[in-house]
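Participant: This is the structure I have questions about; it appears just below.
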Amino acid sequence: MLAKVNSAAIIGLNATPVEVEVDISSQGLPSFTIVGLPDKAVEEAKERVRSALKNTGAEFPAKRITVNLAPADLPKEGALYDLPIALGVLIASEQIRVKIGYFLFMGELSLEGKLRHTPGALSMAILGKEKKLTSFFLPHQNAKEAAIIKGIDIIPLTSLHELLDHLSETKIIKKQKHTSLENFSKEDFEFDMRDIKGQEQAKRAMEISAAGGHNIILKGPPGAGKTLLARTFPSILPKPTFEEAIEITKIYSISGLLDRESLVIKRPFRSPHHTTSHIGLIGGSNVPKPGEISLAHRGVLFLDEFPEFPRHVLEAMRQPMEDGFVTISRASGRITFPAKFILVAAQNPCPCGYLGDPTHECRDSTSEILRYQKKVSGPILDRIDIHLDVPAVKVEKLTEQKTPSGPTSSEVRKIIQKARDLQTKRFRKEKILSNSEMNNKLIKKYCQLSNESLEILKLAVTKLNLSARSYNKIIKVSRTIADLDSSKEIKPNHIAEALQYRPKLTEI
Ligand SMILES: Nc1ncnc2c1ncn2[C@@H]1O[C@H](COP(=O)(O)OP(=O)(O)OP(=O)(O)O)[C@@H](O)[C@H]1O
Ligand SMILES: [Mg+2]
């Protein structure tokens, strides 16, 4: 008899339907074959399914068993087909008689017949709903993440045995409760803005960066607090919208990085070390996995000690930084992962770290400084809107005992949220969410300058010898500053502030 079980494959971030067909024939010698482009993990399903069935008390038929994963041209990866194959064998050998046409199945089995955590549940739940399937059976460890999706029953399984009891209606499993966003309102951040002493300009620049989604680079001597400032960044980022949370969660779901939490409701903050490989940062490998730039999607990618990253790795970020996604080519076709992040880079101004510091003398020669600064290419620096010098804070300020002053992160976040809301409204007909994503056409459309502002900008361009690109960057940053000020028009003071964040001549 032939059995058909609905399952899915994960391609990039999305799930696509896979039908698991199991045929059992009495003719020929006993065998167990899987066809339809299986990878090694799928091949190994044979052993797991065989043991799981035996340990569940079912019979593993000593016949010719052929499993076909259709469509055949789609590569199948991972252990998620264990459960559909086991179920297919049981139906094809007529050990159980059930109708499962409207159900979706996935999950890795242990030899004992228990289900294991399996990546990709959220994307599959979305597919199941689209295909109008009624129930999705999956490992209980993944149930919460799938239950974000309304409109399909999520049935959590601890073992194959439990599934059989459920299908034969001996013991019905309770479906997973819908996971709502409200369940996750916890806010705990490692650092708070108020804990940073002084550094008013740096804090302000971070506020602008978070509000408009602008990339930012922090330069300063050792111990100035660059790493501390960057690590405080997540605490001022606005909450992701539901759609954004789903996008982020999908990435973490297919990367197998969702353990206890089911929905990522914080914007991610990724800080890969400079020894991270090209694949680790950009994504790829045989089974394409999202790299750090995709894991930072809708959040922050923090690259500390920026010039220490190998040049070819940084160069590979150029295209994703421009497009907001990364395309990975491999033999079976191309896969795209989203990669819209705010880049926060930190570095010293020179190898010894003290160039321009009033309290220390820089020990480097001019050629050493130039070599160091050239490690990051012009085109990469060109994609960074805010260039900031972070001087060391005076010891007296650091040791000051008086109660901390200045706004807390949650107060700053409220102001940023307001500026973001303005942008959401502004760009509702465009395909972008923040000021930093505006191209030249959109800059013309949405950034009206008063005559006075235009005069100041023109003067700056001639006096400071600014390129056309930096001209546009200044307008984008001033648009964000105006938004933080709830001002429709970009005023001269907005332009003047934005001019402070342009790259200094020595940098490019
Ligand atoms: N403004 C500040 N307020 C409170 N603590 C600070 C401040 N600046 C620096 N610190 C503290 O000083 C220490 C060094 O700061 P941090 O590691 O951020 O420096 P850095 O600029 O990243 O230095 P490096 O260039 O060596 O990486 C940290 O323990 C940090 O908490
Ligand atoms: Mg540091």
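The values are calculated or read from the model by the stated rules, or taken from the named source; none is laboratory data. This structure is a prediction, so every number in the text was calculated from the model and none was measured. For neighbour counting, all protein chains shown are included, and Cβ atoms are generated from backbone atoms with ideal geometry for every residue, glycine included.
Participant: Check whether at least one residue in the stretch 250-268 is within 16 Å of ligand 2 (Cβ to nearest atom) and outside the structural domain of G107 (by TED's automatic domain parsing), and report yes or no.
Facilitator: no
Participant: Taking the conditions exactly as written (of a type in the set (D, E) and under 17 Å from A8 (Cβ atoms)), does E112 satisfy them or not?
Facilitator: Answer is no for this residue.
Participant: On to the next question. Which strands (runs of 3 or more DSSP E) sit wholly inside the stretch 117-234 and have at least 3 residues that are more than 30 Å from S470 (Cβ to Cβ)?
Facilitator: Those strands (runs of 3 or more DSSP E) span 135-139, 153-157.
Participant: Keeping to the stretch 125-160, report how many residues are among the β-branched types (V, I, T) and farther than 20 Å from E247 by Cα.
Facilitator: Of the residues in the stretch 125-160, 3 are among the β-branched types (V, I, T) and farther than 20 Å from E247 by Cα.
Participant: Picking from A202, A296, which residue would you name as being crowded, with 19+ Cβ neighbours inside 10 Å, within 16 Å of ligand 2 (Cβ to nearest atom) and within 28 Å of N472 (Cα to Cα)?
Facilitator: Sole residue among the options that is crowded, with 19+ Cβ neighbours inside 10 Å, within 16 Å of ligand 2 (Cβ to nearest atom) and within 28 Å of N472 (Cα to Cα): A202.
Participant: Next up: Can you say whether E19 is out of contact with any Asp or Glu (no Cβ under 8 Å at 6 or more places or on another chain), within 28 Å of S168 (Cα to Cα) and outside any strand (DSSP E or B), as far as the supplied structure shows?
Facilitator: Answer is no for this residue.
Participant: Continuing with the same structure: Is there any pair with a first residue in the stretch 217-245 that is in the same structural domain as N348 (by TED's automatic domain parsing) and a second that is of a type in the set (F, W, Y) and in a loop (DSSP other than H, G, I, E, B) whose Cβ atoms are under 7 Å apart and which are 6 or more apart or on different chains, and what are they?
Facilitator: Every condition considered, the pairs that remain are P221/Y354; L228/F191; R231/F191; T232/F191; P234/F189; S235/F189; S235/F191.
Participant: Among (1) of a type outside the set (V, I, T); (2) outside the structural domain of Q319 (by TED's automatic domain parsing); (3) buried (at least 16 other Cβ atoms within 10 Å of the Cβ), where does K458 come up short?
Facilitator: Status for K458: all satisfied but (3).
Participant: While we're looking at this one, here's another question. Can you tell me which residue within the stretch 416-432, out of those that are in contact (Cβ under 8 Å) with a residue 12 or more places away in the chain and surrounded by fewer than 17 Cβ atoms within 10 Å (Cβ to Cβ), is farthest from K239 (Cα to Cα)?
Facilitator: Within the stretch 416-432, the match that is farthest from K239 (Cα to Cα) is E430.
Participant: May I pose another question? Determine which single condition S209 fails, assuming it passes every other condition in (1) closer than 25 Å to Q373 by Cα; (2) of a type in the set (S, T, N, Q); (3) within 13 Å of ligand 1 (Cβ to nearest atom); (4) under 19 Å from the mean Cα position of the chain (by Cα).
Facilitator: Against the list (1) closer than 25 Å to Q373 by Cα; (2) of a type in the set (S, T, N, Q); (3) within 13 Å of ligand 1 (Cβ to nearest atom); (4) under 19 Å from the mean Cα position of the chain (by Cα), S209 comes up short only on (3).
Participant: Also, quick follow-up: What tally of residues in the stretch 214-224 results from selecting those that are within 16 Å of ligand 2 (Cβ to nearest atom) and within 19 Å of the chain's Cα centre (by Cα)?
Facilitator: Summing the residues that are within 16 Å of ligand 2 (Cβ to nearest atom) and within 19 Å of the chain's Cα centre (by Cα) in the stretch 214-224 gives 1.
Participant: When you scan the stretch 340-368, how many residues do you find that are out of contact with any His (no Cβ under 8 Å at 6 or more places or on another chain) and either free of Cβ contacts under 8 Å to residues at least 12 places away in the same chain or more than 13 Å from ligand 1 (Cβ to nearest atom) (or both)?
Facilitator: Summing the residues that are out of contact with any His (no Cβ under 8 Å at 6 or more places or on another chain) and either free of Cβ contacts under 8 Å to residues at least 12 places away in the same chain or more than 13 Å from ligand 1 (Cβ to nearest atom) (or both) in the stretch 340-368 gives 12.
Participant: Would it be correct to say that G225 is within 16 Å of ligand 1 (Cβ to nearest atom), touching a Lys or Arg at 6+ places or on another chain (Cβ under 6 Å) and either more than 11 Å from R267 (Cβ to Cβ) or at pLDDT below 90 (or both)?
Facilitator: no
Participant: Here is a follow-up. Among residues belonging to the stretch 51-105 that are under 37 Å from the mean Cα position of the chain (by Cα) and over 19 Å from T118 (Cβ atoms), point out the one that is surrounded by the most Cβ atoms within 10 Å (Cβ to Cβ).
Facilitator: Looking at the filtered set, the residue picked out is N68.
Participant: In the set A211, A143, which member is more than 16 Å from ligand 2 (Cβ to nearest atom) and out of contact with any Leu (no Cβ under 6 Å at 6 or more places or on another chain)?
Facilitator: So the residue among A211, A143 that is more than 16 Å from ligand 2 (Cβ to nearest atom) and out of contact with any Leu (no Cβ under 6 Å at 6 or more places or on another chain) is A143.
Participant: May I pose another question? Look at I386 and say whether it is touching a His at 6+ places or on another chain (Cβ under 8 Å) and under 24 Å from I196 (Cα atoms).
Facilitator: Taking the combined requirement at face value, the residue satisfies it.
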